[in-house]
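Asks: Before I ask anything, let me first share the structure, which is written out below as structure tokens.
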Amino acid sequence: MKKTGFTLIELLASLAIVSVLAVIISMIFSLSLKTIDSSYKEEISYKESSYSMLYIENIIRSAYKFEIIEYNDQSNFKAYVVNENSSDIFISEFKVKNRDGINFLEEYHSNLSNHSRFGKWQRIGRCDSLFLYYDQLEGTVHIILNENSPTDRYESIIYLGERL
């Protein structure tokens, strides 16, 4: 008389096939999670870098006066800007500062209209390096953000023309 059912070898073989399939599926799932995480980090880095660049360009394009300061390996000027909403005059100066092991672009923002000598540093966004150079002879400002980054490097030269 023949018994119907599975032999031990058939059960072990099917268990091995199912476990191999489970490992393959979990590896694919893990790989897709890593890909999503890395693309999210790249997107955040891109957005912070592009926002920082746009912020610097906006300040430079809005400035009515530049004051040359001693070059500090990042910038050689302060920009004077009149706020459009009021007649307040602000001084802006940019630096990359390390906070808790992370480099951030920061702006020193000081209001001249209220006769305050002290301003404050405001964090703009993550940034590895900064090069801001105002060339008086050419009338240009050269900007390089994240100089050594293969994906988030930004460079621009703004011609200021005769407005200063």
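The values are calculated or read from the model by the stated rules, or taken from the named source; none is laboratory data. Everything numeric here is computed off the predicted structure, so don't read it as measured data. Using ideal geometry, Cβ is built from the backbone for each residue, glycine included, and neighbour counts are taken over all protein chains shown. Ligands, DNA and RNA are stripped out before the accessible areas are found, and what is left, the full protein with its side chains, is counted by its heavy atoms. Shrake-Rupley method; radii C 1.70, N 1.55, O 1.52, S 1.80 Å.
Asks: Using a 10 angstrom cutoff on alpha carbons, build the Gaussian network for the chain and name the most mobile of LYS78, LYS97, LYS120.
Replies: Per the Cα network of the chain with a 10 Å cutoff, LYS120 tops the list.
Asks: Could you give the accessible area per residue of the chain, probe 1.4 Å, as a whole number in Å²?
Replies: Per-residue accessible area for the chain comes out at 71 Å².
Asks: Quick check: pseudo-label points 7 Å beyond the Cα along Cα→Cβ at LYS3 and THR140, how many nm apart are they?
Replies: Result for the modelled spin labels: 8.8 nm.
Asks: Under a plain spin-label model, where a point goes 7 Å from the Cα along Cα-to-Cβ, how far apart in nm are VAL18 and SER149?
Replies: 4.9 nm
Asks: Hey, in the GNM for the chain with a 10 angstrom Cα cutoff, which one of GLU48, GLU93, GLU138 fluctuates hardest?
Replies: With Cα springs under 10 Å in the chain, the top fluctuation among GLU48, GLU93, GLU138 is at GLU138.
Asks: On a full-extension model of 0.36 nm per residue, what is the gain between SER62 and ILE25, subtracting their alpha-carbon distance, rounded to one decimal in nm?
Replies: 7.8 nm
Asks: If each residue of separation counts as 0.36 nm, what is the full-extension length gain between GLU162 and TYR108 once their alpha-carbon separation is subtracted?
Replies: Result for the pair: 16.8 nm of gain on full extension.
Asks: What nm value, rounded to one decimal, do you get for the distance between LYS47 and ILE89 when each label is placed 7 Å out toward the C-beta?
Replies: In this crude spin-label approximation the distance works out to 3.7 nm.
Asks: How large is Rg/Rh for the range 36-126, to two decimals, with Cα atoms and a Kirkwood Rh?
Replies: 1.03
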